[in-house]
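**Student:** Shown below is the structure under consideration.
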Amino acid sequence: MPQDAYTLRYLCKELNLILKGGKVNRITQPSNDVLYLTVYTGKRTEKLLLNVNPSNPRIGIVEKEEQSPLTAPNFCMLMRKHLLSASVESVELVGFDRIVKIDFRLSGEFFDNIKKTLYVELMGRYSNIILTEDGKVLGGNRGINMFDDGVRPLIVSKPYVFPPVGNKKLPADQSLIEIFDKQSIETLNSIITANVQGIADITAKEIVKTFVDKGHVEVNGQEFFDHLNEFLYNSSFSPCVLINNEQIADVFVYPYANVKGEFIRFEKLYLAEEFYFENKEKIKNFKAKRDRLVAILNSAIKKVKKRLTAIKAKEKDALSAEENRIKGELIFANIYQLKQGQKKCVLQNYYDGSEMEIELNEFLSPSKNAENYYKKYNKQKRTLSAVAIQKEMAESELSYYNSVLDEIGLSEDIDELKIIEKELTISGLIKEQNQTKGRQVEQKPYRSYKVKGFLLKVGRNNIENDKLTSSARSNDLWIHAKDYHSSHAILEQNGQEAPKDVIKISCEICAYYSKGRDGGKTEIVYTQKKNVKKPKGAKPGFVKYDNYESIMVEPDSHKECLQDK
């Protein structure tokens, strides 16, 4: 995103118009990098967000506020001490850099017209919030800034010093004319970003494109200098968010011509930025939670597979049980011709007529050797019986974990992941945290579709699938992918018989919410709910069914039928 000085300049103009004259009546700090100032403007209350997270620095007006800790951090207490009841005098950009300056004025019974200034430095990993009075530091969000070209200590009562800008110049600096003169069009982009303050690469590309669109094929220093300043200070204003491949990609002062995609227009830039950042944060949180759940499941799957390998090794070893029984039986049958001291013997196997070589313990009598083989046989029989149960449990556990992995892959928002997280907590795979105990995960209803007058409900996780299936009426249609994990879907028939086209659409929706979504045509089964049974003690989402029909369909979300949009 071009959260550069060009964009911030327009944003500061908006914030100044909205907040000027407003009074600060609340200050909160939910985390180290995030601060909220609640300002009453006389017409309404606005929430000013100051975020100096290195990966996501921003300033803007927002609707919602993050939950704050019960004990306010030290910097928050400092801000409350100096700025509560203060009036906002102005919001403006410092020079042409990514620094926003907010002036406050305090007046009261015991003091008159005290001016305090808050500097919000939105500079990536160097971002900071610094409160000053008479040019001297009162405190900062970070006590020290380490810049590439030196250290800038922020010491209370010492003068506030602006961050270093290196060799970059203000856009109006006449010395840029010589730098631009006779450069090639192809190099202009990098020349701008290397020599002009506060311009992002994508904005530099737009400046060059608009210059070329005017018919320029060569660079005259004075002409390009004039064009640069005309662009930065007199561009058209039409805030928008860029949508590329159905993803929210960027936010701009106006629709840049050098980017591809569709634009959503907004009346105000701060509204466009709130929409962009809110969705970006949702995507970030969604990916973080998804990756965490996937990592937990992959670790559990690895452990189960290791256990299965050990079980199968025991099973393989125990498969010789029948052979040991036959050996013991043959020794007893031929005990009259065997003597103690023999290390082995060759006896005829009367079951198949073959000759069988049998190892003997030379220090034991033939009868004791036979007893040993029977002991091995009985032990192996017990082992086979035990490992059969262990193997079934491990395979069931593995199947369950894989089904949850599929659920995660089919999840579309963080609320669905939270329900899956709750499911894994209940199953004991995730340890419940003390701070989350007692908090209920807000659960949305099932996905609901209206298919030509019939209601189709689609589960989004194993817990929901169980509830959906168990609550269905006996003549409702239960729908599921045949060879893949999928959501359980219930088509309510209400005593009627759903037409074939309704069943087909319902099966297409079920196929869309299955692991076979990207594999082309998928076989979907459907049967009346009375034919669906959940075995006692089965994992969430696991059922058995019979007396079903099946249909091959192409996965289709049928968004036009979705009710809970």
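The values are calculated or read from the model by the stated rules, or taken from the named source; none is laboratory data. Keep in mind it's a predicted model, so treat the numbers as computed, not measured. With ideal geometry, Cβ positions are generated from the backbone for all residues, glycine too; neighbour counts draw on all protein chains shown. Side chains are part of the model used for accessible areas, which takes the heavy atoms of the whole protein and leaves out ligands, DNA and RNA. Shrake-Rupley method; radii C 1.70, N 1.55, O 1.52, S 1.80 Å.
**Student:** Which listed residue (294, 333, 275) has the Cα farthest towards the positive end of the charge dipole for segment 275-356, taking +1 on Lys and Arg C-beta and -1 on Asp and Glu C-beta about the Cα centre?
**Tutor:** 275
**Student:** Translational diffusion coefficient, Stokes-Einstein: compute it for segment 316-375 using the Kirkwood radius over C-alpha pairs as Rh, at 20 °C and 1.002 mPa s, and state it as an integer in µm² s⁻¹.
**Tutor:** In µm²/s, the coefficient is 185.
**Student:** Any idea what Rg and Dmax come out to for segment 1-149 if you just take the C-alpha atoms, in Å?
**Tutor:** 14.6, 46
**Student:** Over every pair of different alpha-carbon atoms in segment 148-263, take the mean of 1/r and invert it; report that Kirkwood radius in Å.
**Tutor:** Computed over segment 148-263, the radius equals 16.2 Å.
**Student:** With each run of n ≥ 4 DSSP H residues scored as -39500 (n - 2.57), what mean residue ellipticity at 222 nm is computed for the chain after dividing by its residue count and rounding to the nearest 500 deg cm²/dmol?
**Tutor:** That calculation yields -12500 deg cm²/dmol at 222 nm.
**Student:** Counting other C-beta atoms within 10 Å, and keeping those with at most 16, which DSSP coil chymotrypsin sites (Phe, Trp or Tyr not before Pro) do you find in segment 505-545?
**Tutor:** For chymotrypsin sites (Phe, Trp or Tyr not before Pro) across segment 505-545 that sit outside H, G, I, E and B with at most 16 neighbouring Cβ atoms in 10 Å, the list reads 542.
**Student:** Kindly provide the chymotrypsin sites (Phe, Trp or Tyr not before Pro) of segment 50-129 that DSSP labels as loop, not H, G, I, E or B, and whose Cβ sees at most 11 other Cβ atoms within 10 Å.
**Tutor:** Counting only loop positions with at most 11 other Cβ atoms within 10 Å, the chymotrypsin sites (Phe, Trp or Tyr not before Pro) in segment 50-129 are 110, 111.
**Student:** Could I ask something else about it? Can you give the longest stretch of the chain with no exposed loop site, where a site means GluC sites (Glu not before Pro) in a DSSP loop (not H, G, I, E or B) with at most 14 other C-beta atoms within 10 Å?
**Tutor:** The longest such stretch corresponds to 110-217.
**Student:** Along Cα→Cβ, 7 Å out, is where each label goes; now give me the distance between the ones at residue 16 and residue 229 in nm to one decimal.
**Tutor:** Simple spin-label model gives 1.9 nm for this pair.
**Student:** Here is a follow-up. Using a ≥ b ≥ c from the Cα gyration tensor of segment 69-126 (square roots of the eigenvalues), is it rounded, prolate or oblate, where a/c under 1.5 gives rounded and otherwise the larger of a/b and b/c decides, a/b for prolate?
**Tutor:** Oblate.
**Student:** Keeping all protein chains in position, work out how much accessible area residue 13 exposes to a 1.4 Å probe, and write it in Å² to the nearest 10.
**Tutor:** Rounded to the nearest 10, the figure is 100 Å².
**Student:** Can you pull the one-decimal nm distance between simple spin-label points at residue 530 and residue 335, each 7 Å off the Cα toward Cβ?
**Tutor:** Each label point lies 7 Å from its Cα, and together they span 6.3 nm.
**Student:** With the crude spin-label approximation of a point 7 Å out along Cα→Cβ, what separation in nm comes out for residue 305 versus residue 281?
**Tutor:** 3.8
**Student:** Subtracting the Cα-Cα distance from 0.36 nm times the residue separation, let me have the gained length for residue 155 to residue 471 in nm, one decimal.
**Tutor:** Result for the pair: 107.2 nm of gain on full extension.
**Student:** Report the extension gain between residue 212 and residue 317 in nm, rounded to one decimal, defined as 0.36 nm multiplied by the number of residues separating them, less their alpha carbon distance.
**Tutor:** 30.0 nm
**Student:** Nearest 0.05, what FRET efficiency do residue 496 and residue 412 give at R0 = 30 Å with Cβ-Cβ as r?
**Tutor:** Efficiency, rounded to the nearest 0.05: 0.45.
**Student:** For segment 407-546, rounded, prolate or oblate, judged on the Cα gyration tensor with a ≥ b ≥ c (square roots of eigenvalues), a/c < 1.5 rounded, else prolate if a/b > b/c?
**Tutor:** Prolate shape, in that a/c is at least 1.5 and a/b is the bigger ratio.
**Student:** Please express the shape of the chain as an equivalent ellipsoid: the semi-axes are the square roots of 5 times the eigenvalues of the C-alpha gyration tensor, given largest first in whole angstrom.
**Tutor:** Each semi-axis is the square root of five times an eigenvalue, giving 69, 32, 27 Å.
**Student:** Taking only the C-alpha atoms, wrap a convex hull around segment 472-565 and report its volume per residue in Å³ as a whole number.
**Tutor:** 111
**Student:** At a Förster radius of 60 Å, what calculated FRET efficiency corresponds to the Cβ-Cβ distance of residue 222 and residue 43, to the nearest 0.05?
**Tutor:** Calculated value: 0.80.
**Student:** If I stretch the segment between residue 113 and residue 352 completely, what's the gain in nm (0.36 nm per residue apart, minus their alpha carbon distance), one decimal?
**Tutor:** 75.0 nm
**Student:** Suppose all protein chains stay in the model; what accessible area per residue would a 1.4 Å probe give for the chain, in Å²?
**Tutor:** Averaged over the residues of the chain, the accessible area is 53 Å².
**Student:** Let me ask something else. Classify segment 40-94 as rounded, prolate or oblate from the Cα gyration tensor: take a ≥ b ≥ c as the square roots of its eigenvalues, call it rounded if a/c is under 1.5, otherwise prolate when a/b beats b/c and oblate if not.
**Tutor:** rounded
**Student:** Once both axes come from the Cα atoms, what is the angle between helix 201-213 and the longest principal axis of the chain, in degrees from 0 to 90, rounded to 10?
**Tutor:** Roughly 60 degrees, rounded to the nearest 10.
**Student:** Report, to the nearest whole %, how much of the accessible area of the chain belongs to carbon and sulfur atoms, 1.4 Å probe, protein only.
**Tutor:** Ligands and nucleic acids excluded, carbon and sulfur reach 49 percent.
**Student:** Another question about this same structure. Please calculate the 1.4 Å probe accessible area of residue 382, with all protein chains present, and give it to the nearest 10 Å².
**Tutor:** 150
**Student:** Also, quick follow-up: Under 14 Å from the 7 Å Cα→Cβ point of residue 64, by amide nitrogen: which residues of segment 255-283?
**Tutor:** 274-283
**Student:** On a straight-distance basis, which lysines could pair with residue 312 in a cross-link, Cα separation under 19 angstrom, same-chain partners fewer than 8 positions away excluded?
**Tutor:** 302, 303, 376, 379, 381, 391
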